Every structure is written in C-alpha cells, then in structure tokens.
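Since the structure comes first, as structure tokens, the remarks are kept for the end.
All of the numbers you see were taken from the coordinates with simple rules; none came from a lab. What you see is a predicted model, and the numbers here were worked out from it, not measured in a lab. Methodologically, a virtual Cβ is constructed for each residue, glycine included, from the backbone with ideal geometry; neighbour enumeration extends over all protein chains shown.
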Amino acid sequence: MPYYKFDRNDIFVNTLKLFPEVKFVIYSGSSYYNSTPNISGAFTASIRCASPGDISLFEMNIDRSTDQAGPTIGLNNVPNTGLIYPWLTKDGSRLNFRTNTRASFINTAPGQLITGAPYPYTASISKEFYTATTARSIAAVIQGPQPNGDPQVLSSGSVSHITALKNTINYYRYLSPHFEYSSSTAALKSKIHRRDFDSSSLGLISVPSIFYGSQIRKGTVNLEFYYTGSLIARAQDTYRNGELVQTYGAAAASGTVVGLVLYNEGFVILTSSVDLGSTSQQDYYTSSTGLDKPRWTFFGQSISGSIIAPKSTFIMEMSGTSNTQVLTMFATAPKGQLNHSNNPTYLQATASNMSYVSTGAFGYIQSDTRPIKNVVSSAYADPTGSFEKTTYISKIGIYDRNKNLIGLAKVATPIKKTVERDFTFKIKLDI
C-alpha cells in the first residue's frame with residue numbers, strides 16, 4: 001500500500017463562523033427549545049430523559065429506566081441502577097470528581113469506585129423575578145469567638161444573581177446610559193433613565209452558553225408576549241447595543257427601552273413595569289391567587305417557579321455565535337499510480353480446468369502470470385473492450401508520521417481510477 005505525504009499546500013486550517021438560530025417557547029410551566037417534541041419512551045416518560053427545553057449532555061441514558069438493576073460493582077459494592085454514570089477507581093493518580101469532597105476521597109479505600117451523578121446532565125433557561133422589596137443579598141450571621149478561638153457561623157449569607165452582575169452591567173455603560181445599575185442617586189439625576197436595580201421590579205432570564213456558543217449575536221434578540229394566543233407586545237434589540245426596545249404593543253411603552261441584553265454573558269434583564277394589556281387581560285404571574293396585567297417584567301414567568309400563567313405564552317428568539325476550527329486536507333491520487341489492487345476480484349477468475357496454484361508436501365507455488373480481469377465495458381458481450389488497468393477507490397486512510405492510522409475517509413460511491421486519471425479528494429474535519 002503506497003503512502004503519500006501531504007505538502008504544505010495540501011493542508012489548511014480555517015475558522016468557520018456560524019450563527020445558529022435559538023428559539024424558546026414558554027407556556028404552562030414548560031419551555032420548548034427549537035420545537036423539540038416531548039417523545040414518550042417504552043421505559044421512561046421521556047426518551048431523552050430530559051424536558052423539551054433542555055439540552056442533554058452526551059445524549060446518554062436514552063430511554064433507560066432505573067429498574068434495570070443488576071449485580072453490584074466494584075470493591076465497595078456500588079449498586080447498578082441501570083443508568084450510565086461517570087466513574088473512576090481510586091489509585092495513586094489521586095484523581096477525583098470536582099463534586100466529591102476531599103474528606104470523601106480520603107475515606108475511600110484504594111481500589112474502590114468513585115462515582116458521579118447519573119447522566120443526563122442537562123442545561124436549560126431559567127427566569128427569576130424580583131419585586132421592589134425582594135432582598136438582593138442576605139448577610140451572614142456570625143457569633144463571636146468560641147472557646148477554641150474560632151467564630152461560629154450561625155447562618156451563611158447569599159447574594160442574588162442580579163447583584164452579582166452589578167459590575168458587568170456597569171461595564172457596558174459606554175454602550176447606553178441604561179446600563180447603569182443605580183442611576184437614582186443625587187449625583188446621577190441628570191441621567192436619562194433613573195432607576196436602581198436594588199429597589200426596582202425586574203425579571204432576569206439566564207441562557208446557558210451551550211445554547212448560543214461564544215456570544216449572542218447582536219441585533220437578533222426578539223421577545224414576543226402572547227395572551228390567549230394573540231400577540232400583545234414585542235421587544236427587539238434594534239440598535240444592536242443591548243437595549244431591548246418595544247416595537248409593538250401598548251402605546252405607553254412603544255419605542256421605549258424595556259430591558260437589556262448581556263450578549264457575552266447570556267442574560268436578558270427586563271426592567272419595564274408598564275401595563276401591556278387592559279383590565280380584562282390578566283393572568284396569574286406572581287401567585288396562584290392574585291391576577292396581574294401583563295408586563296415585561298413578567299415575561300417567561302411560567303418557568304420562574306410554581307407559577308403557570310395559563311393564558312400567557314412567551315417566545316424568545318436569538319442567534320448564537322459558534323466558531324469552529326475546520327481542518328481541510330487535499331489527498332491526490334496521481335496519474336499512473338494506484339492502479340493495482342490486492343483484492344482477489346482484481347484478477348481474472350480461473351477456469352474449472354486451470355489452476356495458478358500448486359501445492360505439495362514441501363512447498364507452495366503461485367504463478368506470477370495470472371491475468372488481470374478486464375472490466376472495460378463494450379457494446380458486445382464478446383469480445384470486451386481494450387484492456388485498461390482499473391481500480392476503484394473507496395477509502396482514504398490518514399496516518400501520522402509513525403504510520404499509525406488516525407483517520408479514515410470513505411466516499412459514498414467507489415471512484416473509478418484508470419491510468420490516465422488523477423483525482424484530488426477534499427477531506428474536511430471539525431477540530
């Protein structure tokens with residue numbers, strides 16, 4: 001089998017920049033990603049073991065239930081639940097899962113299995129609603145020094161996600177004055193937009209990066225608010241600067257900024273509390289007992305908790321940005337070469353009374369004059385056309401410098417190769 005070395009002009013590495021479309025439909029407590037259906041399985045309620053609004057990492061445990069239990073595994077008798085899960089054996093390499101504590105690793109004996117949570121690992125969008133009085137942070141309660149000299153933590157503190165984004169929001173002030181976390185102080189009264197995220201009603205939608213790639217493409221965010229199937233409001237980032245401007249709906253908010261988009265971080269912040277509907281258009285946005293008029297801060301409220309908002313539907317569309325490195329290789333089959341094959345069908349079949357092989361007690365002799373099969377087509381069954389060495393290329397192997405096979409490219413239909421023909425195969429690989 002001949003080997004050919006790639007020349008410097010035979011290999012190229014390019015960056016393919018793509019903008020995949022992302023669409024979420026939120027209704028009745030569930031989200032649906034790019035119209036993904038919820039398919040029922042034979043063993044589980046969902047074949048994907050994930051909701052239609054989720055992306056399942058590795059697509060494992062497809063239609064696999066936990067009742068397929070078997071014998072225990074490993075020295076520490078890990079139960080076999082029938083689900084695929086990550087695992088490793090404790091040895092001298094000291095490898096451990098990030099979710100396992102150091103104390104748990106120390107207490108695990110050498111040779112025992114360390115397991116992670118079963119697949120699938122999923123990602124989905126989420127919505128948080130903040131009222132004007134919702135605490136943005138909770139201080140920790142620490143008691144004075146104990147007899148051993150260390151303080152005692154009675155309760156740990158926490159910081160809300162909107163507060164954690166304060167520096168990021170302020171960073172984008174050069175794009176718009178609306179990117180001002182707090183513009184209600186006396187020193188900022190000259191600002192166009194006066195409000196404080198710590199004391200304003202707002203909604204925060206989080207979009208994991210697995211949905212959009214490196215960043216959300218500017219100018220593609222489109223939010224649509226439906227009530228009983230009718231569109232009542234639309235907001236878009238028409239200026240491509242992170243401002244969500246209402247382009248359809250209530251006149252009181254028409255043309256105004258109703259929210260912000262953090263393209264690199266994957267967050268949508270909804271700030272407008274203007275009523276989008278009339279008194280007859282109300283739904284359960286904040287509780288199961290109190291009715292409210294539609295507002296942009298209520299957008300996506302169906303996935304914020306136990307609220308269903310049965311009369312409202314929300315659609316969020318955008319495009320992501322995906323940079324894919326593509327390796328392109330040109331493999332050439334030169335003229336006058338690659339016209340011999342070791343395939344037995346390459347040689348002419350022997351007649352019933354003719355043999356090209358002789359064997360005996362002391363040896364094996366094979367004739368080197370066995371004719372090659374003539375596959376040249378002719379208008380007549382006999383004789384055939386003029387003989388021409390012909391092979392068919394069906395696979396192309398890619399080897400490293402040590403001649404180890406590292407890749408194999410196949411063509412859909414074998415390519416006919418004659419002495420007068422040369423071919424160049426274009427092989428592309430995403431890396």
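Brief remarks on what is shown
- Residue in segment 129-139 that is closer than 30 Å to THR286 by Cα, touching a Leu at 6+ places or on another chain (Cβ under 8 Å) and of a type in the set (D, E, K, R) present: no
- Test: TYR27 is among the hydroxyl-bearing types (Ser, Thr, Tyr) and farther than 30 Å from LYS335 by Cβ: yes
- Per-region count, segment 328-344, residues in contact with a Lys or Arg (Cβ under 7 Å, 6 or more places away or on another chain) and of a type in the set (A, V, I, L, M): 2
- Conditions (1) farther than 20 Å from THR297 by Cα; (2) under 33 Å from the mean Cα position of the chain (by Cα); (3) of a type in the set (D, E, K, R): number failed by ASP150: (2)
- Restricted to segment 18-49, and to residues there that are among the polar types (S, T, N, Q) and exposed (fewer than 14 other Cβ atoms within 10 Å of the Cβ), the residue that is nearest to MET318 (Cα to Cα) is SER35.
- The condition (being among the aromatic types (Phe, Trp, Tyr) and exposed (fewer than 12 other Cβ atoms within 10 Å of the Cβ)) is satisfied by just one residue among TYR399, TYR380, TYR392: TYR380.
- Filter result (more than 15 Å from MET316 (Cα to Cα) and acidic (Asp, Glu)) within segment 197-242: ASP198
- 3 or more residues out of contact with any Lys or Arg (no Cβ under 7 Å at 6 or more places or on another chain) and either among the charged types (D, E, K, R) or surrounded by fewer than 17 Cβ atoms within 10 Å (Cβ to Cβ) (or both): qualifying strands (runs of 3 or more DSSP E) within segment 211-320: 230-236
- Here segment 98-132 is the region considered, the condition is being without any contact (Cβ under 8 Å) to a residue 12 or more places away in the chain and assigned to a loop (DSSP other than H, G, I, E, B), and the residue that is surrounded by the most Cβ atoms within 10 Å (Cβ to Cβ) is THR101.
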